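Visitor: Below are the structure tokens for one structure; questions will follow.
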Amino acid sequence: MQQRNEFHGADTRQCGTITWEEFVVGVRHMLAVSDSIGDGWHFRGSLEEHGGGYLVKRMDYPVAIGETPERTVSARMEDATVDHDSMTELYENDPCSIDADSSFRQVYGEFHVLYSLAHAVPTLYLRAWRRDGSCLEVEELWRDLTAAERRPSSDESERLRSLTQQEHPFLGEPWYHLHPCRTADLMDQIAGNDVDRIDAKRYFIRWMSTVAPLVGCPVSHHYASFR
């Protein structure tokens, strides 16, 4: 399994970007913390091969019927250490759970964190589907997966443009992703005066904590405090 090589430029480091080797440092930190708190992140592919894999996490979202999705998702995001893979398997494998509570409908999400060879930054891919296997459209992703207070501070059309559909570099399937073209500028702004001192782990966690919650994937405070 190998990502298509999008980048043929020089190795010059620019502000707000990271190398593949630094991406790997961040990934290893994420995996170590995730294993310790049972957060469900794992890696597919090879960390030894340049651009050779990606982080993966699956989650389930019980969305209340007849209530605002923001209320349900906000409550769910308070707990960032649940083993959502196990919960998803439980819902999928237990036929008795299908109609256990008719006031909720189940939505499932999967998140992939890849290294963009073209932009030298992490990038987030995602998709979500209902219990019957049908995929959510982009408007539903914003509505059901994302708490209102965590959405980007822009109007609705800008939000929808920021989440676009693109072929997954490894799977060859259409996935939604947050385009990485502005990530370097974003991380440069977040780093501020620390831009020359921020290490790979801190970069990765700051990026994850900024980007992932925008699309309904909470990041536990343990990732920032774990040594």
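Read-outs throughout are calculated quantities, based only on the coordinates presented, and are distinct from any laboratory measurement. This one's a predicted model, so the numbers in the text were calculated from it and none came from an experiment. A quick note on method: Cβ atoms are made from the backbone with ideal geometry, for glycine too, and the neighbour counts reach across all protein chains shown.
Visitor: Quick one: Karplus J couplings for the range 117-126, per residue in order, coefficients 6.51, -1.76, 1.60, θ = phi - 60°, nearest Hz, x for Gly and Pro?
Guide: 5, 6, 10, 6, 8, x, 9, 10, 10, 8
Visitor: Suppose each label sits 7 Å from its Cα in the direction of the beta carbon; what would the E137-E173 distance come out to in nanometres?
Guide: Distance between the two pseudo-spin positions: 2.1 nm.
Visitor: Using a Förster radius of 22 Å, what is the FRET efficiency between E48 and C181 based on their Cβ-Cβ separation? Nearest 0.05, please.
Guide: Numbers: r = 28 Å, r/R0 = 1.28.
Using R0 = 22 Å, I get an efficiency of 0.20.
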